[in-house]
Each structure stands twice: as C-alpha cells, then as structure tokens.
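Written out below as structure tokens is the structure these notes cover.
The values are calculated or read from the model by the stated rules, or taken from the named source; none is laboratory data. None of the values given here were measured: they were computed from a predicted structure. Neighbour counts are summed over all protein chains in view; Cβ atoms, including those assigned to glycine, are modelled from backbone coordinates with ideal geometry. Side chains included, ligands, DNA and RNA excluded: accessible areas come from the protein's heavy atoms. Shrake-Rupley method; radii C 1.70, N 1.55, O 1.52, S 1.80 Å.
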Amino acid sequence: MEALDRVVKPKTKRAKRFLEKREPKLTENTKNAILIKGGNANLTVTETLKDIYALKKPFAVLYKKKNITRPFEDQTSLEFFSKKSDCSLFLFGSHNKKRPNNLIIGRMFDYHVLDMIELGIEKFVSLKDIKNSKCPEGTKPMLIFAGDTFDLNEEYRRLKSLLIDFFRGPTVPTIRLAGLEYVLHFTAMDGKIYMRSYKVLLKKSGCKIPRIELEEMGPSLDLVMRRTHLASEDLYKLSLKQPKALKPKKKKNISHDVFGTSYGRIHMQKQDLSKLQTRKMKGLKKRPAAKMTEEDEGISPKKSKSVL
C-alpha cells in the first residue's frame, strides 16, 4: 500500500485542519491545477507553462523540475502528483522529434485520470512579447467558444468541457461590471484551435453603459489536436453525479413563464357571498320586494328600532 493511500490519523490540530480541507464536501473547493514539465521540454513549452500558470494563479501549482513520464503510456505518476498536491486538473508539457511542442491537458476523478487530450503548439506568443497592461492575479475570465466543431464533434465537445473546467476559476454569487476584466477566446476552425487572451477596456460612451474595447494581452496559441484519452459514457455520467442534498426541491403549485415571472396557485374554500359584510349605506339597503321574499321563505328580517 502506498503512503498516500493509508488511513492517516492526525496527531496535531494543524494536521487535522489539513485533512478536513481534503475531505469530500457538498460544495467542493475551486479546482486546482498542476503544471508539469517533461524530461525534455524546450523553451517554447516552458514559457507556455509559465504563462498559463500566470493566468491560473492562485489556483495552480507549477513544478519547476523536470519529470520523466509519459501520461499516455503510464498514468501513475500523474495520479501520484495529483493526490500529493490535491489537484484535479493537470497540464503536462514535453518536446520530442515525433511530437514537438506537446501539451497534454486533462482532469482527474477520484484521483484517477478521467479525460486527457494531447495538443500540439504550432505558434506561440508569450505575455512578455505583447507590451500591454496585464490583469491582476486571480481575475476570473470570461470564456468564449467560437465554431460549430465544439458542438458537432465529440472530441472537441470534451475539449470544450475540459477548457471550461481548467479556466473557469471560483464560483461567485454576484458579478460587477468593473470585475469583467479579461476574455479567453477559443476558436475551432480548419482542424486547429486558436486561443487568444484579451483585456477588456471600458471607455466613455456618453450614456450609462460604457463602450467596450478589447486589447490583446497574451498569451496567444495556435493548437492542433493529436491523441485523445476520453472516459466512457458511464464513467463520465458518474463523475457528473451530484449529491441529493444539492438538488433543488420541487415546489408545488408554482409555475414560471418565458420571462422568468413566478406564478403561484392558492387553494381556498368556497365563500358564501350572502354572508359577506358590506358597507352600511342607503344604496345597499334591502328593498320591500326583497323583504317580502324573505318572509315567504321563513326568514324574519331584523326589527328596526323606533324612537318614541
């Protein structure tokens, strides 16, 4: 049995807090990513990993030392690093004659590889090469996917899901306009994936809503898909399963229209309108004909007080 698979009992309060953070939760923490450099990574791959780490911080761990491993042949090393760093996402970079400038992006389920897609870098422009202002660390990006291939092809559909998982960042309850600072744009066209990063500039427009301009800030990547390792449909559905406590309870007698307006249905007993107390005024007094009908039915009207 490996050291990481043993049942560990904490001996100190600090160790207890550390283990509590890794326990399963109803609402999971923000997914972290490990960025690993292969045994023969060149300058292009190294700079790419550094730039993606700069976009992903603080929810990322960059391994600076080289690690000789081949994820498609042996996945034990990745699973070990994932469990050690408590990361469910990974990006592995390598370079060789057969597959130059190679990136492998993937994700884990229960510390085992779920999906893994190999991408080749054909063109790379780093953050340093584009002399523009950058976004602060930890900024949540807006993700845009262009191209029908992301919806028609199963491999590209999984790649889209994987990229959303990798770059989405923390879940926030509210959004403010000034916080929408940068955009990650992915385009699938002619068998290639183009990744571009833009900073959002809010300009004066003469009205309440500002004018939006996009300024490229890097990194810029032209990628091509190579090998894939996708999970089976059953395992993929199992990884998407949510606990019952998170599922919203269905409320009875409530409906919604196309505009999002809620309508409620209230059940009431049938009312006897003859006993309804109305305002006392001359116009609502009973006429003599109505009094006669009441006498015939055996209902005696109230006697009016006479003044002597």
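Please identify the GluC sites (Glu not before Pro) of region 58-143 that satisfy two criteria: DSSP loop assignment and at most 13 other Cβ atoms within 10 Å. Which are they?
Passing sites in region 58-143 are E73, E137.
Restricting to lysines 8 or more places apart or on different chains, can you count the pairs in region 24-73 with Cα atoms under 14 Å from each other?
Lysine pairs, 8 or more places apart or on different chains, close enough: 9.
If R₀ is 30 angstrom, what is the calculated FRET efficiency for the pair E213 and M189, using the beta carbon separation as r and rounding to 0.05?
Working: r = 24 Å, r/R0 = 0.80.
Result of the calculation: an efficiency of 0.80.
Using 0.36 nm per residue of separation minus the Cα-Cα distance, give me the extension gain between I130 and L180 in nm, one decimal.
15.9 nm
Which one, (i) 6, 28, 36, 22, 6, 2, 0; (ii) 6, 25, 29, 21, 14, 5, 1, 0; (iii) 5, 19, 24, 17, 10, 5, 4, 5, 6, 4, 2, 0, 0, gives P(r) over Cα pairs in 10 Å bins from 0, in percent as derived from the coordinates shown?
It is the value labelled (iii).
Roll a 1.4 angstrom probe over the protein heavy atoms and tell me the percent of accessible area of region 68-209 that is carbon or sulfur.
Values: 4150 of 7760 Å².
C and S atoms contribute 53 percent here.
Taking the mean number of other Cβ atoms within 10 Å as a proxy for protection, how do you rank 9-18, 224-233 from highest to lowest?
Those peptides, ordered most packed to least, come out 224-233, 9-18.
Testing the spin-label approximation: label points 7 Å from Cα along Cα→Cβ at E73 and N40. State their distance in nm.
Simple spin-label model gives 1.1 nm for this pair.
Please sort by residue number the trypsin sites (Lys or Arg not before Pro) in region 171-203 whose DSSP state is loop and whose Cβ has at most 16 other Cβ atoms within 10 Å.
Of the trypsin sites (Lys or Arg not before Pro), the ones in loops of region 171-203 whose Cβ has at most 16 other Cβ atoms within 10 Å are R176.
Residue by residue through region 204-217, what is 3J(HN,Hα) from phi via Karplus (6.51 cos²θ - 1.76 cosθ + 1.60, θ = phi - 60°)? Round to whole Hz and write x for glycine and proline.
Using θ = phi - 60°, the values come out as 6, 10, x, 9, 5, 8, x, 8, 9, 10, 10, 10, 5, 10 Hz.
Given a 1.4 Å probe, how much area per residue of region 1-97 is accessible, in Å²?
Details: 6480 Å² over 97 residues.
Per residue, region 1-97 has 67 Å² of solvent-accessible surface.
Provide the FRET efficiency to the nearest 0.05 for the L273-N253 pair, computing r from the beta carbons and using R0 = 30 Å.
0.75
Can you work out the Karplus-derived ³J(HN,Hα) for every residue in region 107-124? Use 6.51 cos²θ - 1.76 cosθ + 1.60 with θ = phi - 60°, whole Hz, and x for glycine or proline.
Calculated HN-Hα couplings, in order: 9, 10, 9, 6, 6, 10, 5, 9, 10, 8, 10, 9, 10, x, 8, 9, 8, 9 Hz.
Within region 68-88, list the residues whose amide N lies under 19 Å from a label point set 7 Å along Cα→Cβ of T228.
71-73, by backbone N distance to the label point.
Students often check this: by mean Cβ neighbours within 10 Å, which of 59-70, 41-52 ranks highest, and how do the rest follow?
41-52, 59-70
List every residue whose amide H lies under 5 Å from the amide H of R227, counting only residues 5 or more places away in sequence or on a different chain, with H placed 1.01 Å from N in the peptide plane.
So R227 has HN proximity to E118.
Where only protein heavy atoms count, and the probe is 1.4 Å, what is the accessible area per residue for region 174-220 in Å²? Walk me through the numbers on the way to the answer.
Details: 2880 Å² over 47 residues.
Spelled out: the 1.4 Å probe surface of region 174-220, per residue, equals 61 Å².
Loop only by DSSP, 14 or fewer other Cβ within 10 Å of the Cβ. Give me the trypsin sites (Lys or Arg not before Pro) in region 71-144 that pass, ordered by residue number.
Loop-located and lightly packed - K97, K98, K128, K131.
FRET efficiency for D86 and K241, Cβ-Cβ distance as r, R0 = 25 Å, nearest 0.05?
Values: r = 21 Å, r/R0 = 0.84.
E(calc), rounded to 0.05, equals 0.75.
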